Each structure stands twice: as structure tokens, then as C-alpha cells.
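Chemist: Next up is a structure, given as C-alpha cells.
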Amino acid sequence: MYIEEANQLLEPGYLPFEAGYKRLDNGIMLVAARSSLIGCSGKMIDWWFSFIEDTATYKLWHPTDHVYSAWEGECGTGKYIGGTHIVDEYLAGPPDIFKLKINFRDPFRIIGCIAVCSSRCKYGCACTYR
């Protein structure tokens, strides 16, 4: 899925590619991991990503698969939008460790999230901090 197709994530049902990783035509590696976070609100997700500072806090999520964590840009101030999370992790278990850069972009700039959240608040969009 290209970033321009992100609105598909808000539609009900399953997408054709929801788990795994693949390289897109433009060279970007797409990692997909569908997670049913039952009872988890957008504010909780916002808190979690604001909380991750280093490898020790990132390992709280998955002590085995999460090997290394650092940040470029925003983080440590309680903000992460605009930052890049630098991680080393196993995506499908050992032996291959993937070195990833996870870019946190403003949801509004990608999918017009403010309008979506106001009409579909049941999704608990992480952009409710606005």
C-alpha cells in the first residue's frame, strides 16, 4: 500500500495484504501487522508512542522481537509526530533482524483525519490529541 492509499485503512473488513512485509515498486519496504487492540483507545496509542524513549521502553511491547530503539527528530518531549523511530527487530522471528525507520506523519496530512475522526470516532484515531 502506498501512502496515497492510506484511506483504505479506515474501511471496514480486511485488506488484501494485512500481515508480512514486501518491497514496493518505489523501493520502500512495507510492513503490515494487523492488530486487534480491543478496548484500546486512540489516547492509549498516543500515550504509548509518546512513552517510548529507548530500547528498554520499546522492549516492553515485545521483549524478544524488539532489539534496538532510538529516535530522530521529535521524541522525548511527549511528541512523536514528525519523528522517525529507528528500530532493529525481528519481523518473522530469528534469524533475520530488520533495521527499520518508522516515520510518524501527521494523519491529517495523509487522510484528512480530523474530518474522519469526527464522523467515525469509534475507530479511536490516534490523532484525537488535536
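What follows is calculated from the coordinates using simple rules that are stated; it is not laboratory data. All values reported here derive from a predicted model rather than from experimental measurement. Cβ placement follows ideal geometry from the backbone for every residue including glycine, while neighbour counts extend to all protein chains displayed.
Chemist: Modelling each spin label as a point 7 Å along the Cα-to-Cβ direction, I'd like the Ser35/Glu72 distance in nm, to one decimal.
Modeler: My value for the distance between the label points is 2.3 nm.
Chemist: Here is a further query. Among the chymotrypsin sites (Phe, Trp or Tyr not before Pro) within the range 1-45, which fall in a DSSP loop and have no more than 12 other Cβ atoms within 10 Å of their own Cβ?
Modeler: On the way: sites: Tyr2, Tyr14, Phe17, Tyr21; in loops: Tyr2, Tyr14, Phe17.
Hits after loop and neighbour filter: Tyr2, Tyr14, Phe17.
Chemist: I've got another one for you. So which GluC sites (Glu not before Pro) in the range 28-97 pass both tests, a DSSP loop state and at most 14 other Cβ atoms within 10 Å of the Cβ?
Modeler: Numbers: sites: Glu53, Glu72, Glu74, Glu89; in loops: Glu53, Glu74.
Sites meeting the loop and neighbour criteria: Glu53.
Chemist: Taking amide H atoms as placed 1.01 Å from N in the peptide plane, list the residues 5 or more away in sequence, or in a different chain, whose amide H sits under 5 Å from that of Arg105.
Modeler: Gly82
Chemist: Please list 3J(HN,Hα) in residue order for the range 7-22, calculated via the Karplus relation 6.51 cos²θ - 1.76 cosθ + 1.60 where θ = phi - 60°; whole Hz, with x for glycine and proline.
Modeler: Karplus values, whole Hz, x for Gly and Pro: 4, 4, 5, 8, 7, x, x, 9, 9, x, 10, 10, 8, x, 8, 7.
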